[in-house]
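Here's the structure we're looking at; comments come further down.
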Amino acid sequence: MSNILDQFSMDFFRLDGKVAIVTGGNTGLGQAYAVALAKAGADIVVPAHNKDWDETRELIEKEGRKVVFIQADLTKKEDRKNVIDVTMKEFKKIDVLVNNAGTIRRAPLLEYKEEDWNAVMDINLNAVYFLSQEVAKIMAEQGSGKIINVASMLAFQGGKFVPPYTASKHGVAGITKAFANELACKNIQINAIAPGYIKTANTAPIRADKERNAEIQSRIPADRWAEPFDLMGAIVFLASKASDYVNGHVLAVDGGWLVR
């Protein structure tokens, strides 16, 4: 047993020489994921809907890592293909895929419009499935890979005023488990992170509502909203050799929200 235990190394958490795609990795939580992976040693590819990526470039290059940005609408098949083609041309492999890009549209259930449902499902679920499917083909040929989906507290709960977002995040959890069942035997690990309530631009309106903010924080055992910083360790773990026997899991990083 001692010989086996001696094989473990903190280097298992390193990503030196690895290549990671982080969708929507130019802002918010995606930026935190991309920078964390770069700090662990990975080169980064960031497909983004807009070109607001100067700050992210600076943060990643500061770590001595290479970063490539691609303007893309991941709901379009040709754009997904281009992301993969550019990555393979530049780096010749894909070790990690982080499906972070997503959207949310709020309205009461009885008033929710079909076009809004479709828009949310297209990026939050369909794009995740089809991009993961194509990247998994490359990882299967390589004999290894990590796919990390971004779920939500609404992968476990119902929420209000966001029916397609809730449906999509339940779907993300399901995709994570389905992919793991078929790809674990190919040395591909597929897991998900479910962030709790995080301080980002998207949650600024909720935090500005004193009553709603107090209601949320009172349910978090940690007694605070998370910072994007709080997600960085989880993404590195799930992208690294340290998590090689973790598969099909949805990891809640929520300060204890789900247990209260």
* Asked: For the range 92-133, how many residues are acidic (Asp, Glu) and in a loop (DSSP other than H, G, I, E, B)?
  -> 1
* Could you give every pair whose Cβ atoms fall below 6 Å, whose first residue belongs to the range 220-237 and is within 13 Å of Tyr197 (Cα to Cα), and whose second residue is surrounded by fewer than 20 Cβ atoms within 10 Å (Cβ to Cβ), counting only separations of at least 6 or pairs across chains? -> Pro221/Gly256; Pro221/Arg260; Ala222/Gly256; Trp225/Lys199; Glu227/Lys199; Leu231/Val253
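Being of a type outside the set (Val, Ile, Thr) and either within 19 Å of the chain's Cα centre (by Cα) or crowded, with 22+ Cβ neighbours inside 10 Å (or both) is the requirement here; does Gly102 meet it? Lay out the reasoning, then the answer.
Working: of a type outside the set (Val, Ile, Thr): yes; either within 19 Å of the chain's Cα centre (by Cα) or crowded, with 22+ Cβ neighbours inside 10 Å (or both): yes.
The answer is yes for Gly102.
Among the residues of the range 1-32, count how many are farther than 17 Å from Ile123 by Cβ and not hydrophobic (A, V, I, L, M, F, W, C).
Narrowing the range 1-32 to residues farther than 17 Å from Ile123 by Cβ: 1-20, 31-32.
Filter again for not hydrophobic (A, V, I, L, M, F, W, C), leaving 2-3, 6-7, 9, 11, 14, 16-18, 31.
Total satisfying the criteria: 11.
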* Out of all the residues in the range 210-228, which are closer than 21 Å to Lys160 by Cβ and in contact with a helix residue (DSSP H, G or I) (Cβ under 8 Å, 6 or more places away or on another chain)? -> Arg212, Asn213, Ile216, Arg219, Ile220, Trp225
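For Lys186, state whether it is among the charged types (D, E, K, R), at pLDDT 95 or above and within 21 Å of Leu251 (Cα to Cα). Give the derivation first.
Working: among the charged types (D, E, K, R): yes; at pLDDT 95 or above: yes; within 21 Å of Leu251 (Cα to Cα): no.
Criteria not met by Lys186.
Output the residues belonging to the range 218-260 that are hydrophobic (A, V, I, L, M, F, W, C) and not in a helix (DSSP H, G or I). Explain how you work it out, then say what you get.
Start the filter on the range 218-260 by keeping residues that are hydrophobic (A, V, I, L, M, F, W, C), which leaves 220, 222, 225-226, 229, 231-232, 234-239, 242, 246, 250-253, 257-259.
Hits for the range 218-260 are Ile220, Ala222, Trp225, Ala226, Val246, Val250, Leu251, Ala252, Val253.
The values are calculated or read from the model by the stated rules, or taken from the named source; none is laboratory data. In this text the structure is predicted, and so the values were computed from the model without any measurement. Glycine gets a Cβ as well: all are built from the backbone with ideal geometry, and neighbour counts include every protein chain shown.
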